[in-house]
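K.L.:
Sharing a structure, written as structure tokens. Questions coming.
The values are calculated or read from the model by the stated rules, or taken from the named source; none is laboratory data. All values reported here derive from a predicted model rather than from experimental measurement. Don't worry about glycine lacking a Cβ; one is built from the backbone with ideal geometry, like all the others, and counts go over all protein chains shown. The area values use the complete protein model at the heavy-atom level, side chains included, leaving out ligands, DNA and RNA. Shrake-Rupley method; radii C 1.70, N 1.55, O 1.52, S 1.80 Å.
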Amino acid sequence: MCTACACGTADSVSAQVETSGGTAYQVSGMTCGHCVSSVSAEIGKVGGVTGVQVDLASGAVTVSGAGFSDEEIRAAVEQAGYALVETSPVGAS
């Protein structure tokens, strides 16, 4: 069972939207598919975000788009109930 959100989800999944480049964030506290969905949905609401890719196993979240700030992404992650650990640019593939 998920200990972070108590949703009862046992399977781990990742939500992926194709991105080319973007900014990578490290998010702590995600433990299940529900966690991934919550983080993806909140980040997706940020103006300028065009794609979100979440890797549950590593906690990596890659956000593509333009016109958003790290602070906006941090606020979205916190709104979902998780913590943003670090940020780094991702090169175009």
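K.L.:
Could you please find all residues in region 56-75 being more than 16 Å from residue 34 (Cβ to Cβ) and either within 9 Å of the chain's Cα centre (by Cα) or open to solvent by less than 20 Å² (accessible area, probe 1.4 Å) (or both)?
P.N.:
Across region 56-75, the qualifying residues are 60, 62, 63, 64, 73.
K.L.:
Can you work out which of the residues in region 27-37 that are open to solvent by 20 Å² or more (accessible area, probe 1.4 Å) and part of a helix (DSSP H, G or I) is nearest to residue 86 (Cα to Cα)?
P.N.:
That would be 37.
Results for (1) at pLDDT 95 or above; (2) surrounded by 19 or more Cβ atoms within 10 Å (Cβ to Cβ); (3) part of a loop (DSSP other than H, G, I, E, B), shown as yes or no for each residue.
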residue: 10; (1), (2), (3): no, no, yes
residue: 13; (1), (2), (3): no, no, yes
residue: 39; (1), (2), (3): yes, yes, no
residue: 47; (1), (2), (3): yes, no, yes
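K.L.:
With the requirement that a residue be of a type in the set (A, V, I, L, M) and at pLDDT below 50, what does region 15-37 give you?
P.N.:
Residues satisfying the conditions are 15, 17.
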